[in-house]
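What follows is a short report on a single structure.
The values are calculated or read from the model by the stated rules, or taken from the named source; none is laboratory data. Everything numeric in this text was worked out from a predicted model, so none of it was measured. Here the Cβ is made from the backbone with ideal geometry for all residues, glycine too, and neighbour counts use every protein chain on show.
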Amino acid sequence: MRALLLVGFLVGACAHAEPDAAQLGQARGYPLGGATTWAQVPYRVGSFSALDQVPGIVVRRVDASTAPQPLPRMADAPAIRYRFRNLDYTLDDYLERQRATGLLILKDGQVVAERYRYGRQPDARFLSFSMAKSVTSLLVGVAQAQGAIASLDDPAQKYAKELQGTPYGETPIRHLLRMSSGLTFTERYDGNDDIARMTLAFATEPQGTLPVLRGVQERHDPAGAVFRYASAETDVLGRVLVGATGRSIAALTHDWLWEPMGAERDAFWRVGRDGQEGAHGFFNATLRDWARLGLLLARDGRVGERQVVPREYLLEATDVAKQPSAFRPGATRNVGYGYQFWLLNYRERTFAMQGIYGQGLFVQPASGIVMVLTSAWQQPSAQQDPLPSQERAALWRGVLRSLGGAID
């Protein structure tokens, strides 16, 4: 009997084990690492959810709202199921198959499911990586509505004076929003590309990323012609915001997003050596506040009677029908790209904020469904390993199907 009980205990423990927990530092309580090691495998879980505690990293706080918006739990929430590679799975199956650190699903502003893994807690501030690009875009939309940016067709150098006379400085803001500057910036995540150089400069150069941005000279296409993913373009947008408003990105985030949307907890931006926030990838917030941001997007920029983000800008940013043909999903690419948002190929408008190593926020406004997922994947993107991205996409389809959303 004792032997049977022991076997049963071990089977149960394995059934609820978190993938690769030992490799990710479970025995050491998921350590943080240091300023040069925080993104390495043994430190990802810890540092991706507490970057402000990593020695040598400087952050700028975004205060919580004075009027937090409630996120009530849904009574009798339906079970979430999804299908992947001809097999059916549950939500818990996904968590036991993939390196998810946090998962939250909303339907019409109510919490359907909320999970924390690898010892994470609700007060953890999860690193966005490139989800921050979409946050930067929202700030650009508000800046335009308030007149700080006169036109999206203005060249970046009108506001980012430090880029005057450079190809990036001469590029219109609209083309930067669509990542269509036509300038060659490599982003392969192999440690030898332009994004590696920019990341190093961000952390170590007295001028931050400016030397890298100024050094980009070669064009592969005319501006506005084609989409080519490049984090440098969002970094330029961050400099446009600071130049146009005379304020920090953290201050803008608080006043224009965090306060009016009812964020429950403080968030923060990592800042570079020059004091500029990392607009392309370094915003950090709790899972619930990421979900509140998704709810704001699902309601087309409104909180109650207040229009927080201009609706027309948000539609331009996230509606496939409002994009030039080169930026829509097509035969050779199943996703499109708007103003720093990924546009998914569904019957109803559906879009996503995505970051490397498995960060994502998915929104379908017509159905009121939002899913935010934070992760510590082994590889940064589908370029290196497509499987986690494919299963996450299957999970999102399952969420939509389970909650009455529109699917492709």
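Would you confirm whether or not the range 160-172 contains a residue that is over 30 Å from G46 (Cβ atoms), at pLDDT 95 or above, among the aromatic types (F, W, Y) and in a loop (DSSP other than H, G, I, E, B)?
no
State all residues of the range 321-375 that are modelled with pLDDT of 95 or more, part of a loop (DSSP other than H, G, I, E, B) and β-branched (V, I, T); if no residue qualifies, say none.
Listed by number, the residues that qualify are T350, I356.
Restricting to the range 299-317, and then to whatever is crowded, with 18+ Cβ neighbours inside 10 Å, of a type in the set (A, V, I, L, M) and within 19 Å of the chain's Cα centre (by Cα), can you tell me which residue is farthest from S134 (Cα to Cα)?
Restricting to residues being crowded, with 18+ Cβ neighbours inside 10 Å, of a type in the set (A, V, I, L, M) and within 19 Å of the chain's Cα centre (by Cα), the top hit is V309.
Here are F185, F227: which of them is of a type outside the set (G, A, S), touching a strand residue (DSSP E or B) at 6+ places or on another chain (Cβ under 6 Å) and either assigned to a loop (DSSP other than H, G, I, E, B) or outside the structural domain of G338 (by TED's automatic domain parsing) (or both)?
The unique qualifying residue is F227.
Filter the range 83-100 down to the residues that are over 23 Å from I356 (Cα atoms) and in contact with a strand residue (DSSP E or B) (Cβ under 9 Å, 6 or more places away or on another chain) and list them by number.
R83, D88, Y89, T90
Quick check on my filter: what residues within the range 212-257 are among the charged types (D, E, K, R), out of contact with any Gly (no Cβ under 6 Å at 6 or more places or on another chain) and over 14 Å from L163 (Cβ atoms)?
E218, R228, R247, D255 - these are the residues of the range 212-257 that are among the charged types (D, E, K, R), out of contact with any Gly (no Cβ under 6 Å at 6 or more places or on another chain) and over 14 Å from L163 (Cβ atoms).
Could you tell me which of the residues F129, F202 is of a type in the set (A, V, I, L, M, F, W, C), on the phi > 0 side of the Ramachandran plot and either free of Cβ contacts under 8 Å to residues at least 24 places away in the same chain or surrounded by 20 or more Cβ atoms within 10 Å (Cβ to Cβ) (or both)?
Going through F129, F202 in turn, just one is of a type in the set (A, V, I, L, M, F, W, C), on the phi > 0 side of the Ramachandran plot and either free of Cβ contacts under 8 Å to residues at least 24 places away in the same chain or surrounded by 20 or more Cβ atoms within 10 Å (Cβ to Cβ) (or both): F129.
In the set L24, L51, which member is within 14 Å of L127 (Cβ to Cβ) and in contact (Cβ under 8 Å) with a residue 60 or more places away in the chain? Before you say what the answer is, go through the steps one by one.
On the way: L24 fails: within 14 Å of L127 (Cβ to Cβ).
Of L24, L51, the one residue that is within 14 Å of L127 (Cβ to Cβ) and in contact (Cβ under 8 Å) with a residue 60 or more places away in the chain is L51.
Among (1) over 26 Å from V62 (Cα atoms); (2) hydroxyl-bearing (S, T, Y); (3) touching a residue at least 60 places away in the same chain (Cβ under 8 Å), where does T166 come up short?
Of (1) over 26 Å from V62 (Cα atoms); (2) hydroxyl-bearing (S, T, Y); (3) touching a residue at least 60 places away in the same chain (Cβ under 8 Å), only one is false for T166: (3).
Give the residue that is surrounded by the most Cβ atoms within 10 Å (Cβ to Cβ), with candidates limited to residues of the range 95-123 that are touching a helix residue (DSSP H, G or I) at 6+ places or on another chain (Cβ under 7 Å) and assigned to a loop (DSSP other than H, G, I, E, B).
Y118
Would you check if D190 is under 25 Å from K158 (Cα atoms) and either charged (D, E, K, R) or not assigned by TED's automatic domain parsing to the domain that holds A160 (or both)?
no
Exactly one condition in (1) surrounded by fewer than 16 Cβ atoms within 10 Å (Cβ to Cβ); (2) without any contact (Cβ under 8 Å) to a residue 12 or more places away in the chain is not met by P222; state its number.
For P222, the exception is condition (2).
Regarding G405, is this residue part of a loop (DSSP other than H, G, I, E, B), among the small types (G, A, S) and under 19 Å from A291 (Cα atoms)?
Details: part of a loop (DSSP other than H, G, I, E, B): yes; among the small types (G, A, S): yes; under 19 Å from A291 (Cα atoms): yes.
Yes.
Inspect all residues belonging to the range 391-401 and state whether any of them is over 20 Å from V111 (Cβ atoms), at pLDDT below 95 and either part of a helix (DSSP H, G or I) or of a type in the set (G, A, S) (or both).
Scanning the range 391-401 turns up no residue that is over 20 Å from V111 (Cβ atoms), at pLDDT below 95 and either part of a helix (DSSP H, G or I) or of a type in the set (G, A, S) (or both).
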